[in-house]
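Below is one structure, written out as structure tokens; the observations come after it.
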Amino acid sequence: MKYRRLGLTDCHVSEVGFGTIPILKGSVPVLPDYYNLEDDEALAVMEHAFRLGCNLYDTAIVPEYGDAEIKLGKFAARIGRSRIIISDKARFFDGNEMYRAVLNSCENLGTYADIYFIHQADAAHEEEIFKKGGALDALTELKEMGNIRFTGIASHYYDILLRGAKDPRVDVLQGSGNLFERGMLERVKKEPLFRQKGFFVNKVYAAGLLPAFFPPHALISSVLSYPVSSALIGIGTCGQADAAMAQEYTEYVLPPFTEVLSSLEREFSPIPCDRCQRCRCPLGTEIHTVFRQYQYYFMGKDYWALQKLALGIQESAGLCRSCTDMPCLSMCPAGIRIPDEMQKLKQLVDAHL
């Protein structure tokens, strides 16, 4: 295992981090097909990853990640708190709520969190997060008090992460990306501001779908080719830890996007969207997210992805049909005929639901 410096901090984290969703017990929204691990099983898997060199463990507050946070606290006590780095998070945007969440997390962990993220930050809550007295201010205060060591913002949106990169209160960022959905990582690579922050990448396996098309080592190697601190991988078994961590990443290979498309085309007709998020619909459709549900439907999420797609595709396709300016066409670097694709997606949903 190799290690990378966490931004400008004095911390070094393993290139591959341990995502704790699969070690939880019970059914929670983030993991419909849960592993339901007992404490001893979960601690054994975490220790196996530790023996492979992993020192970064990423979790979230109860109940969002079930009891994973509590299990991680038990593991920290067993292995020695100073030997691992704990990354935690909560989906609260108000300062008072975030303050209480962190204290609750510290109680569940039985110790402090090294990094604490505002989880799933989006445009609807952006001002609340960054304003005076918001969640980011709360994390800053808790950092000064010693409850956490570093502050963080986790988001699936490039614009939110860029604002975090510009903010001196933020130490670490967490975004999503993989060898297929690489658009945000490409933009991060080109923006020097991100070099001042630690950066974790999640969704490296695309919700567990991409290993059906590419080996785990290739998936992880591809994201490590970007200027990031660590790739977070959900681990629920010792075998999954071995697949992600047993081999040393001596070189970082990012296959061309066309090559990735060709591999996927053996199973379906992917939309050549890398989720760069440059397209802006004046009518409010989040184009890249709609396209993602289409891709995930054919990559193996089936009914789940189709239901997600169905939530707004009728309205989006109707608005798209009535739009006369179509600015999305000129915004898309890939030249995707977005209005045409939206109608195809509507037809897909109509045919199956």
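A compact table of results
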item	result
Search result, residues across the stretch 337-353 that are loosely packed, with under 15 Cβ neighbours inside 10 Å and among the hydrophobic types (A, V, I, L, M, F, W, C)	Ala351, Leu353
Total residues in the stretch 154-179, condition within 15 Å of the chain's Cα centre (by Cα), part of a helix (DSSP H, G or I) and buried (at least 24 other Cβ atoms within 10 Å of the Cβ)	1
Residue count, the stretch 48-59 (criterion: among the hydrophobic types (A, V, I, L, M, F, W, C) and in a helix (DSSP H, G or I))	2
The lone exception for Ser27 - which of (1) at pLDDT 95 or above; (2) of a type in the set (Gly, Ala, Ser); (3) surrounded by fewer than 15 Cβ atoms within 10 Å (Cβ to Cβ); (4) touching a Gly at 6+ places or on another chain (Cβ under 9 Å) it fails	(1)
Subset of the stretch 315-336 [within 28 Å of the chain's Cα centre (by Cα), surrounded by fewer than 13 Cβ atoms within 10 Å (Cβ to Cβ) and either modelled with pLDDT under 90 or closer than 23 Å to Asp350 by Cβ (or both)]	none
Which listed residue is in the same structural domain as Gly146 (by TED's automatic domain parsing) and part of a loop (DSSP other than H, G, I, E, B), from Val62, Val45	Val62
Criterion violated by Val260 - all others in (1) surrounded by 21 or more Cβ atoms within 10 Å (Cβ to Cβ); (2) in contact with a helix residue (DSSP H, G or I) (Cβ under 7 Å, 6 or more places away or on another chain); (3) outside the structural domain of Leu56 (by TED's automatic domain parsing) satisfied	(2)
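The values are calculated or read from the model by the stated rules, or taken from the named source; none is laboratory data. This structure is a prediction, so every number in the text was calculated from the model and none was measured. Virtual Cβ from ideal backbone geometry, glycine too; neighbours counted across all protein chains shown.
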